[in-house]
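The values are calculated or read from the model by the stated rules, or taken from the named source; none is laboratory data. The model shown is predicted, which means the values in this text are computed figures rather than measured ones. Cβ atoms come from the backbone with ideal geometry, glycine included; neighbour counts cover every protein chain shown. Protein only, heavy atoms only, side chains kept; ligands, DNA and RNA dropped before computing areas. Shrake-Rupley method; radii C 1.70, N 1.55, O 1.52, S 1.80 Å.
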2 protein chains.
Amino acid sequence: MKLQHPPGTKDFFPEDAAKRSHILDTWRRVSIRNGFELVDGPVFELLELYKVKSGEGIVNELFHFQDRGGRELAIRPEFTPTLARMVASRANALPKPIKWFCMPNLCRAERPQRGRLREFWQWNVDVLGSDSPIADAESILAAVDALHAFGLRPEHIRVKISHRQTVKLVLEKLGVPDEKIMPAFELLDGRDKMTAEEFSQGAAKLGLTPDRVERFDQVGRMSYPVGKLDAMARALSLEGLESMGELMALDETLRAFDIADWCEYDMGIVRGLAYYTGTVYEIHEASGAERAIAGGGRYDKLIELFDGPPTPAVGFGMGNVVLEHVLIDKGLMPTDAMPRPDVFVIALTDDAAKALPGTVRRLRLDGWHTRFSYRSSRNVGKLLKEADQCGAVRALILDDGVQSGKAKLKMLQEQGREREVPLENPMTPEPKVEAD
Amino acid sequence: MKLQHPPGTKDFFPEDAAKRSHILDTWRRVSIRNGFELVDGPVFELLELYKVKSGEGIVNELFHFQDRGGRELAIRPEFTPTLARMVASRANALPKPIKWFCMPNLCRAERPQRGRLREFWQWNVDVLGSDSPIADAESILAAVDALHAFGLRPEHIRVKISHRQTVKLVLEKLGVPDEKIMPAFELLDGRDKMTAEEFSQGAAKLGLTPDRVERFDQVGRMSYPVGKLDAMARALSLEGLESMGELMALDETLRAFDIADWCEYDMGIVRGLAYYTGTVYEIHEASGAERAIAGGGRYDKLIELFDGPPTPAVGFGMGNVVLEHVLIDKGLMPTDAMPRPDVFVIALTDDAAKALPGTVRRLRLDGWHTRFSYRSSRNVGKLLKEADQCGAVRALILDDGVQSGKAKLKMLQEQGREREVPLENPMTPEPKVEAD
């Protein structure tokens, strides 16, 4: 009876865990230097919480269950409802802007496929309590800062930015009636996953004439670099609109943050979710081969939906699965992400073996990653081989010298260079030798 | 409709998350320096997996559900079955000893009470593939190293060590028949939670005469320091037994690791779980006021139960909930665990405000935790107050000096000491002034 992990989940053996740590640690480091504070919520919530934001339809996508008190619970499929609940419960007490991040594991009861697993980790970064486009820009900055920290560069990445109100106006000008704006958003959002014919049929259902369908398709393919918003406004006859004003302010801040070359405007980006109210963005690998690396935007009405005070908000989610594919494809996933032992202690005599545990303990107390052999072998070759196999940087060799408080420190990476060191303080730096 | 987190779970606002991070980060740092490698498994497993180790009885303690394929799944209530499954699946390929740790969130469908929540984090540390008492000692060393790193000292903590086979022999000598050894273990394990009368009744049910009941009670209260095993062996007439030989070797290694003063032998410790086979231990706060901080021991047969090859193993689990109570009680939980901004950048003129975002971006790229105000205020007092409120160590003040590439760096903690710095490299260390 060999039991396996459930389909769509992963076992993290040490090398896999090290890769995941590389991603989570980078997210955390970048979050902190960008001034975001770590938060978290329970791994399961009341099922009701997810219906508030997403309606009854969400239930099928959740792993849900009852507790013994008959409460309907669900494993979290996303963090935003928890975030909204937490902010709503303390909104008036929290200093603004609220800048929070978290890196929860999330579960979705969907069919596993490339880029989508049933359990995954998602970096959530949100700025709440500010309606300034600086907040939108700072959320994008955090995402770009992380991608940069992973070794990605502007040529690998497209941050595609749009604005719900702007796209809505364009759609209205094309003749899409108000009640069909959400279906039109969904059609634009799903465009990359359907054939040209499917798209045309969908557009026709919105009541568009064939020439308007073509124009709709064109709008969905329009892309302008940062700094060229005025050209976009002219092409779409959007000059002077309030939402264009917001994009203009965002544009200016993206340039001031010096991340313009990562970003572009793309009117085909609307995000499928009903709760976005302003700026929306998706981050893609430049070739478009993978699903989105991240997606986000402004959601100024959500905290009220969770019974909180009016609280403008903007943020994004970035999953670990697509990101890991991209990093591996670009050769940017470290192959040696596992922590290497600083020192492997070996004993070549029985007396030396008595001094070994105390030496190991002292080294660890001083913060050194220290290992030793469980074997009773005194064979230096075998023991050094074990040190080498676990990737140790140095071997500390205890032999007859321990009687006089001495040991040998051998660099395992530099042609085995070796020097005598005091047993009490074996990692003391090598004295600098003056050049002749 | 104010929705709350489910009972027995917690919201981690920034200060709570910082406290949890203090615990998880310390566990991780100590694990790595002790030579353990991070692993992890899915947050839910096949329900069947938990029955293998714990039988049908476990199902009531789990949050379980079906996926759309009708698979019975459960949120993990412990990590050991996942560990055993992972080791069993690759046992022959993994170099020995296998030294793994993880820090999973676990969920149990029980009534929340002090020291027990429905979701919690547990540090798991295991050594597999070695039957040497050095492995037992090294697992205890890792636990002690962590408690020491949290600021706890031997006077705060008792690592209570026992041995299943030794206790079994003592019970046999008292006349407990073989088929009642497990109930006797459970009685000893639960002794602290029952009255003297309940304990006597339980002992009588094991077939013990009143004088044997008293002796049984005495055995459960016996405690000997490390280094005095011989006295315990004499008191219990256990000289020369194989299991005492294992304890003797453990005793020697605990002393060699210099952690003897944290530990003692306590024949009342047996651990309730059926799968322990040798050494068992529990870590308690010295006064005994709280539940166990950690519990573990040797489980040499478990990997075979999961269809792996014979693989001796020893390890422990340490939860975050009791540990957090103990650290708070002792005043050892840092009150300032939240990351402080290294620098808060403020602009006092409109020109300076244009230079602000680029300055922020450069500081962050250099790794500095950098914040700034979203407000358009140019009032130095208000802006410095905002810097102060978020705990920033320094303020970088941009004013008319930016035209000539200068800014002011103000230490917010040292009576506001201020100096001029180059805008391009504002965090450059202060030049050392030679004493007269």
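State all residues of the range A:151-173 that are open to solvent by less than 10 Å² (accessible area, probe 1.4 Å) and within 16 Å of the chain's Cα centre (by Cα); if no residue qualifies, say none. Of everything in the range A:151-173, those that are open to solvent by less than 10 Å² (accessible area, probe 1.4 Å) and within 16 Å of the chain's Cα centre (by Cα) turn out to be A:Leu152, A:Ile157, A:Val159.
Condition check ((1) outside any helix (DSSP H, G or I); (2) farther than 18 Å from A:Ser162 by Cα; (3) in contact (Cβ under 8 Å) with a residue 40 or more places away in the chain) across all residues:
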| residue | (1), (2), (3) |
| --- | --- |
| A:Lys180 | no, yes, no |
| A:Leu188 | no, no, yes |
| A:Arg212 | no, yes, no |
| A:Met232 | no, no, no |
| A:Leu238 | yes, no, yes |
| A:Thr253 | no, no, yes |
| A:Asp258 | yes, yes, no |
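Whenever a residue of the range B:15-26 is closer than 26 Å to A:Ala93 by Cα, its partners that are open to solvent by less than 20 Å² (accessible area, probe 1.4 Å) and assigned to a helix (DSSP H, G or I), lying with C-beta atoms within less than 9 angstrom and at least six residues away or across chains, give the pairs B:Lys19/B:Leu327; B:Arg20/B:Asn320; B:His22/B:Leu327. Return yes or no: is A:Phe44 of a type in the set (Phe, Trp, Tyr) and buried (at least 21 other Cβ atoms within 10 Å of the Cβ)? Yes.
Looking only at residues in the range A:343-359 that are free of Cβ contacts under 8 Å to residues at least 40 places away in the same chain and open to solvent by 40 Å² or more (accessible area, probe 1.4 Å), the one that is farthest from the chain's Cα centre (by Cα) is A:Asp350.
Quick one: count up the residues across the range B:55-64 that are open to solvent by less than 50 Å² (accessible area, probe 1.4 Å) and in contact with a helix residue (DSSP H, G or I) (Cβ under 9 Å, 6 or more places away or on another chain).
Narrowing the range B:55-64 to residues open to solvent by less than 50 Å² (accessible area, probe 1.4 Å): B:55, B:58-59, B:62-63.
Then drop every residue that is not in contact with a helix residue (DSSP H, G or I) (Cβ under 9 Å, 6 or more places away or on another chain), which leaves B:58-59, B:62.
Summing the residues that are open to solvent by less than 50 Å² (accessible area, probe 1.4 Å) and in contact with a helix residue (DSSP H, G or I) (Cβ under 9 Å, 6 or more places away or on another chain) in the range B:55-64 gives 3.
Among the residues making up the range A:384-408, those that are surrounded by fewer than 19 Cβ atoms within 10 Å (Cβ to Cβ) and within 15 Å of A:His369 (Cβ to Cβ) are A:Cys390, A:Gly391, A:Val393.
With respect to (1) open to solvent by 40 Å² or more (accessible area, probe 1.4 Å); (2) modelled with pLDDT of 95 or more; (3) within 24 Å of A:Glu155 (Cβ to Cβ), the lone exception for A:Ser287 is condition (2).
Tell me yes or no: at least one residue of the range B:107-123 is acidic (Asp, Glu), under 30 Å from B:Gly245 (Cβ atoms) and in a strand (DSSP E or B). Show your work before the answer.
From the range B:107-123, those acidic (Asp, Glu) are B:110, B:119; that's our starting set.
Those left that are additionally under 30 Å from B:Gly245 (Cβ atoms): none.
The answer is no, given that none of the residues of the range B:107-123 is acidic (Asp, Glu), under 30 Å from B:Gly245 (Cβ atoms) and in a strand (DSSP E or B).
Looking across the range B:17-39, the residues that are closer than 18 Å to A:Leu38 by Cα, touching a Phe, Trp or Tyr at 6+ places or on another chain (Cβ under 7 Å) and open to solvent by 10 Å² or more (accessible area, probe 1.4 Å) come down to B:Arg20, B:Leu24.
Look at (1) part of a strand (DSSP E or B); (2) surrounded by fewer than 23 Cβ atoms within 10 Å (Cβ to Cβ) and you find that A:Trp100 fails only one, number (2).
Could you tell me which of the residues B:Arg375, B:Arg362 is modelled with pLDDT under 95 and open to solvent by 30 Å² or more (accessible area, probe 1.4 Å)?
B:Arg375
Yes/no per residue for (1) modelled with pLDDT under 95; (2) basic (Lys, Arg):
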residue	(1), (2)
B:Val59	yes, no
B:Arg68	yes, yes
B:Leu117	yes, no
B:Trp121	no, no
B:Val125	no, no
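Among the numbered conditions (1) within 27 Å of A:Ser31 (Cα to Cα); (2) in contact with a helix residue (DSSP H, G or I) (Cβ under 9 Å, 6 or more places away or on another chain); (3) touching a residue at least 24 places away in the same chain (Cβ under 8 Å), the only one that A:His325 does not meet is (2).
If I filter the range A:310-334 down to residues being out of contact with any Leu (no Cβ under 7 Å at 6 or more places or on another chain) and within 15 Å of A:Tyr276 (Cα to Cα), which single residue comes out as most open to solvent (accessible area, probe 1.4 Å)? The selected residue is A:Pro310.
Results for (1) closer than 17 Å to B:Arg298 by Cβ; (2) in contact with an Asp or Glu (Cβ under 6 Å, 6 or more places away or on another chain); (3) open to solvent by 10 Å² or more (accessible area, probe 1.4 Å); (4) within 14 Å of chain A (Cβ to nearest Cβ), shown as yes or no for each residue.
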| residue | (1), (2), (3), (4) |
| --- | --- |
| B:Ser132 | yes, no, yes, yes |
| B:Ala137 | yes, no, no, yes |
| B:Gly175 | no, no, yes, no |
| B:Arg191 | no, no, yes, no |
| B:Glu197 | no, no, yes, no |
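Residue by residue through the range A:359-385, note down the ones that are in contact with a Phe, Trp or Tyr (Cβ under 7 Å, 6 or more places away or on another chain) and in a helix (DSSP H, G or I). Outline the logic, then answer.
Of the range A:359-385, the ones in contact with a Phe, Trp or Tyr (Cβ under 7 Å, 6 or more places away or on another chain) are A:360-361, A:371-372.
Correct list: A:Val360, A:Arg361.
Within the range B:409-425, restricting attention to residues that are more than 16 Å from B:Ala353 (Cβ to Cβ) and open to solvent by less than 40 Å² (accessible area, probe 1.4 Å), the residue that is modelled with the lowest pLDDT is B:Gly416. Within the range A:143-173, being within 14 Å of chain B (Cβ to nearest Cβ) and in contact with a Ser or Thr (Cβ under 7 Å, 6 or more places away or on another chain) holds for A:Ala146, A:Ala149, A:Phe150. For the range B:103-117, a residue qualifies if it is facing another protein chain (nearest Cβ under 8 Å) and crowded, with 20+ Cβ neighbours inside 10 Å, and the qualifying residues are B:Cys107, B:Ala109. B:Ile269 satisfies every condition listed in (1) open to solvent by 40 Å² or more (accessible area, probe 1.4 Å); (2) assigned to a loop (DSSP other than H, G, I, E, B); (3) among the aliphatic types (A, V, I, L, M) except (1).
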